[in-house]
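Trainee: Let me give you the structure first, and then I'll get to my questions.
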Amino acid sequence: MEQHPCPYGGFLACKNTFCEYGQRLSEILHLCSDIIESISKGDTSKKIDIKVQRYAVQRLIDSINKLAKEVDDLINLNHELAVGICEHFDVLRRLQEGDFSAEASEESKIEIVKMLGQLINKQKERFLDYISKIKEQQEQIFHFYEQQNAILSSVGVAIIVVEADMTIEFANSEFEDLTGYSKKEIEGKMKWTEFFSEEMLDKMIEYHNLRRISPSLAPRQYESKLKDRNGRIREVLMNVAMIPYTKKSVASIIDISERKKIQEQLIHSQKMESLGMLSGRVAHEFNNILTGILGFAGLLHTKIEEPILKNFVEKIIDAGEKARDLAKKLLVFSRKEEIGVIQEININKYLKNFSEFVKTIIGKDVELKLHLPEEEVFYRIDPLHLEVILMNLITNARDAMPEGGELIIGLKEISIDLEYHYTHPLVAPGDYVVLCIADTGAGMDEETKQRIFEPFFTTKPKGKGTGLGLSTVFGLVKQYNGHIHVYSEVGKGTTFKIYMPAKDKKIKPSISPETLKGAETILVVDDDEQTRDFISSFLKDYGYNVYEAKNGKEALEIFKKLNHEIALSLIDLVMPGISGIEVMRQIKTINPEAKIVIMSGHPIDLKDVISVEKTFAPEEILLKIRNILDEKE
Amino acid sequence: MADRVIDYSGLKCPYPILKLSAQYPQFKEGEIIEVIGDCPTFEKDIKAWCSKLGKTILNIEKQGNKIKVTIRI
């Protein structure tokens, strides 16, 4: 064995139990090796608890203990870091999965782990804040969407939103009502092209595409034809606009079928009015010519002795009388025919009696049905007019049923309310007596229906009809402020409904034309040439001599000249220059006994002034003049 | 009987818990897993991990130098 350098003979020989040399160096080294190995495995729990005097050995032991402590601290730090990372990792994972109850620990001995925990929690708060704001905005958007939906649904107009591929994305309840399809069937499933008449499609598709290139390329508003579930076509007014930032467009669809119908009614009525005026004028002129022809033909007839020539003249007179008859019918159509004697007629009774006569003219193949109300209906009308109306309609009905059928004559009293008046503006609200003549004959198409009341329009073979039957009916009904409704379907039949106002205050009083005639001289003063001519002409027609003045100055000049010749002056109230009242005053200065009637467009009530409304009902003005001349007023 | 056994033997701490965290998203709620390790601080680390993440330790078993910890996720 090697000699130990110990001055006491080395640790092997040392008797001192406290001397390190008392222990074997190799044991200490083994112990040191074991401890180092433990530390290397991560076990820092063991320490070397021996003191040796040998400096180098003690230093080794101290170093190993110090290493153990350092490694222990490092391990603890490592573990603290790892556990912190694991915890934060788990919190982040839970947050990512949407579990916002996860909260990172803000407690750690390691500053960075602690800060990471705080950062995660702050980030979470901010995130939650964003989410809450987004939710709030989402709620606002949802409310806005609901409001928009409510507006679109309650706007009272059909609305659809369509995509670029023409699919309907949204349809409101009005669109459902208009088409008969439900939202479920429409939205996302049907294209708008399925709802419109084929004749309109090409143009509308072109608009659809152009609008998506540039909205200004397609019209914003246009008319179209909408087709509903049952194939019924409605006239509609489209209003289309692009929705900003999308390729979608919104269209409002207004049903204008009723409006169109009303427009057509008005146009038709205006056309009939014009025709009435024209035919009245023609008939009037024609009558004047006929008066000459018939008058001179009559004279010729009395002067001619030669039988052959006399026969020729008789033929002229016959033809002239036929022409006068024709002119009379035209005058009826133009409502210029005078109303005869108006009587209160029990229409029920009249129709019962009339039906007996009707049976003889309709033939055996046509069955007559009379629908009369239990209550008796009275109406004030010239019986001749009633007969003309019924005869014309009944013979037309008969002619429409050459193979036989049913002829229904109906009567009832109805009230027309304001609502009906709005859709049928030509029929005023009020009580009406309705006469109905219906047949089950050939019926007529729309084009024919539009023209039936025109004079000389007929569908009957040449020589069978004059084309004046229905125009006469039209003229007569209008004369009583009545209205005619025609319903007809080809192959099914035609129904005429005559609406006669039950309380018609405008019916002209029954005055015998003879009582209105006179031979006196009248001065007519009116600045309006047409009115002046009109008044002068009917005064002349009734036998009066007429002087005309176009203003007050002219009137006074004439009056000064013909003071005693003029029996009465008819003066317009409102005139440029000297007013009607002033003209009256000056005439009275010239002749205090002068008879004067002031005419006005509106009812007037002036002291010491006799006035008449310019109703242009000649009878009223004539009656007034007659009464004043006869000093009845 | 565990639904899943994960052996971290030979891995020095804190690798086992770092790996366990990384594998965690694959586990299902309520699943029973058995983790095995031989690092001297393995038990301490797993206990700390369970405590921080709110998992329940069902059993700890020592087999020689290996430790088997049963956890409910």
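The values are calculated or read from the model by the stated rules, or taken from the named source; none is laboratory data. These figures come from a predicted structure and were not determined experimentally. Cβ coordinates were reconstructed from backbone atoms using ideal geometry, including for glycine residues, and neighbour counts include every protein chain displayed. The protein model used for the area step is the full one, side chains on, heavy atoms only, and it has no ligands, DNA or RNA in it. Shrake-Rupley method; radii C 1.70, N 1.55, O 1.52, S 1.80 Å.
Trainee: The conditions are (1) modelled with pLDDT of 85 or more; (2) open to solvent by 20 Å² or more (accessible area, probe 1.4 Å), and A:T466 fails exactly one of them. Which is it?
Mentor: Unmet condition: (1).
Trainee: Given (1) aliphatic (A, V, I, L, M); (2) surrounded by 12 or more Cβ atoms within 10 Å (Cβ to Cβ); (3) not in a loop (DSSP other than H, G, I, E, B), where does A:I134 come up short, assuming only one miss?
Mentor: (2)
Trainee: Of all residues being outside any loop (DSSP other than H, G, I, E, B), among the small types (G, A, S) and open to solvent by less than 70 Å² (accessible area, probe 1.4 Å) in region B:32-72, which is farthest from the other protein chains (Cβ to nearest Cβ)? Just the residue, please.
Mentor: B:G37
Trainee: Kindly establish whether A:Y480 is modelled with pLDDT of 80 or more, open to solvent by less than 20 Å² (accessible area, probe 1.4 Å) and within 30 Å of A:I409 (Cβ to Cβ). Break it down stepwise before answering.
Mentor: Values: modelled with pLDDT of 80 or more: yes; open to solvent by less than 20 Å² (accessible area, probe 1.4 Å): yes; within 30 Å of A:I409 (Cβ to Cβ): yes.
Yes: the conditions hold for A:Y480.
Trainee: Still on this structure: For A:N311, all conditions in the list (1) exposed (fewer than 13 other Cβ atoms within 10 Å of the Cβ); (2) within 47 Å of the chain's Cα centre (by Cα) hold save one; what is the number of the exception?
Mentor: (2)
Trainee: Please go through region A:32-90 and give me each residue that is more than 14 Å from chain B (Cβ to nearest Cβ), open to solvent by 30 Å² or more (accessible area, probe 1.4 Å) and not in a helix (DSSP H, G or I), ordered by number.
Mentor: A:K47, A:D49, A:I50, A:K51, A:Q53, A:R54
Trainee: Return yes when A:I293 is of a type in the set (A, V, I, L, M, F, W, C) and exposed (fewer than 14 other Cβ atoms within 10 Å of the Cβ) and no when it is not.
Mentor: Working: of a type in the set (A, V, I, L, M, F, W, C): yes; exposed (fewer than 14 other Cβ atoms within 10 Å of the Cβ): no.
In short, no.
Trainee: Are there any strands (runs of 3 or more DSSP E) wholly within region A:471-589 with 1 or more residues that are over 30 Å from A:Q270 (Cα atoms), and if so which? Spell out the reasoning first.
Mentor: Values: elements: A:483-489, A:493-501, A:521-525, A:545-549, A:568-572.
Correct list: A:521-525, A:545-549, A:568-572.
Trainee: Only one of these conditions is not met by A:V57: (1) closer than 30 Å to B:N65 by Cβ; (2) aliphatic (A, V, I, L, M); (3) in contact with a Leu (Cβ under 9 Å, 6 or more places away or on another chain). Which number is it?
Mentor: Of everything listed in (1) closer than 30 Å to B:N65 by Cβ; (2) aliphatic (A, V, I, L, M); (3) in contact with a Leu (Cβ under 9 Å, 6 or more places away or on another chain), A:V57 misses just condition (1).
Trainee: When the residues of region B:7-31 are filtered to those that are buried (at least 17 other Cβ atoms within 10 Å of the Cβ) and aliphatic (A, V, I, L, M), which remaining residue is farthest from the other protein chains (Cβ to nearest Cβ)?
Mentor: Step by step, filter region B:7-31, then rank; the result is B:L20.
Trainee: Name the one entry in A:I507, A:I558 that is of a type in the set (V, I, T), at pLDDT 85 or above and open to solvent by less than 60 Å² (accessible area, probe 1.4 Å).
Mentor: Going through A:I507, A:I558 in turn, just one is of a type in the set (V, I, T), at pLDDT 85 or above and open to solvent by less than 60 Å² (accessible area, probe 1.4 Å): A:I558.
Trainee: Of everything in region A:91-102, what is away from chain B (no Cβ under 11 Å), free of Cβ contacts under 8 Å to residues at least 24 places away in the same chain and open to solvent by 60 Å² or more (accessible area, probe 1.4 Å)? Give them in sequence order.
Mentor: The one that is away from chain B (no Cβ under 11 Å), free of Cβ contacts under 8 Å to residues at least 24 places away in the same chain and open to solvent by 60 Å² or more (accessible area, probe 1.4 Å): A:S101.
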